[in-house]
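Encoded as structure tokens, the structure appears first; notes follow it.
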Amino acid sequence: MWKIFTIFADEILIYNNIRVMTKYNIVEKKEKEATYRSLVSPKLMDEMKEKILRIIVMEKKYKDKNYSAKKLAEDLGTNTRYVSAVVNVRFHMNYTSFVNKFRIEEAMAILVDRRYQDLRMEEVSDMVGFANRQSFYASFFKIMRMTPREYRMQHLEHHPAEKVKKAAKKIVK
């Protein structure tokens, strides 16, 4: 059943208690409680959380662009629903966002490291485990609110060695 409201000149449609703003075609998502999340005990969730961190972070599986939630579940001897439940409940994000967080953190370190300043973005993207440059840029922007290139330029600009170079150039001129 449709209900129509106008709020501040934006038309709001309500269908089955879901709000739809027609101006921008934005649908308000309601948080669903997945039943399988309650099937995993808090103790088991804590144990799986530690194992997930060990595999993804310590073993650096986030760098493997082919390491999926399915492969993680196999390594843990469980199924993807349980892995998904643990990641959602304990880390408050989905599996892809969880893995991309570590990829972006490593990319940030590489982007400001002078040893890697000549690397192209595709090479950085590949080093940290992204399948392509577009995914890298989208994930980086989602987390940092700037592109990887902007991040690199901003941080290299403020690097002490860069200030020395600029001062030397002024003296030469």
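When residues of the range 113-147 are filtered for being assigned to a helix (DSSP H, G or I), within 25 Å of L53 (Cβ to Cβ) and not polar (S, T, N, Q), how many remain?
Within the range 113-147, the first condition is being assigned to a helix (DSSP H, G or I), and the residues that meet it are 114-116, 121-128, 133-144.
Adding the requirement that they be within 25 Å of L53 (Cβ to Cβ) leaves 124-128, 135-136, 138-140, 142-144.
From what's left, not polar (S, T, N, Q): 124, 126-128, 136, 138, 140, 142-144.
Total meeting the criteria: 10.
Going by what's in this entry, would I14 be described as modelled with pLDDT under 55, open to solvent by less than 60 Å² (accessible area, probe 1.4 Å) and in contact with a strand residue (DSSP E or B) (Cβ under 6 Å, 6 or more places away or on another chain)?
For I14, the condition - modelled with pLDDT under 55, open to solvent by less than 60 Å² (accessible area, probe 1.4 Å) and in contact with a strand residue (DSSP E or B) (Cβ under 6 Å, 6 or more places away or on another chain) - is met.
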Result of the Cβ filter at 6 Å on the range 69-84, keeping first residues that are under 10 Å from V40 (Cβ atoms) and open to solvent by 60 Å² or more (accessible area, probe 1.4 Å) and partners that are part of a helix (DSSP H, G or I) and among the aromatic types (F, W, Y), at least 6 apart or interchain, is R81/Y36
Search result, residues across the range 90-141 that are among the hydroxyl-bearing types (S, T, Y) and open to solvent by 40 Å² or more (accessible area, probe 1.4 Å): T96, Y116, S135, Y137
What number of residues within the range 114-125 are of a type outside the set (S, T, Y) and without any contact (Cβ under 8 Å) to a residue 24 or more places away in the chain? 6
Which members of the range 43-68 meet the condition of being under 19 Å from V89 (Cα atoms) and open to solvent by 90 Å² or more (accessible area, probe 1.4 Å)? K43, E50, K51, R54
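The values are calculated or read from the model by the stated rules, or taken from the named source; none is laboratory data. Not measured: the values here are computed from a predicted model. Virtual Cβ from ideal backbone geometry, glycine too; neighbours counted across all protein chains shown. Heads up: the accessible areas ignore ligands, DNA and RNA and are worked out on the full protein's heavy atoms, side chains in. Shrake-Rupley method; radii C 1.70, N 1.55, O 1.52, S 1.80 Å.
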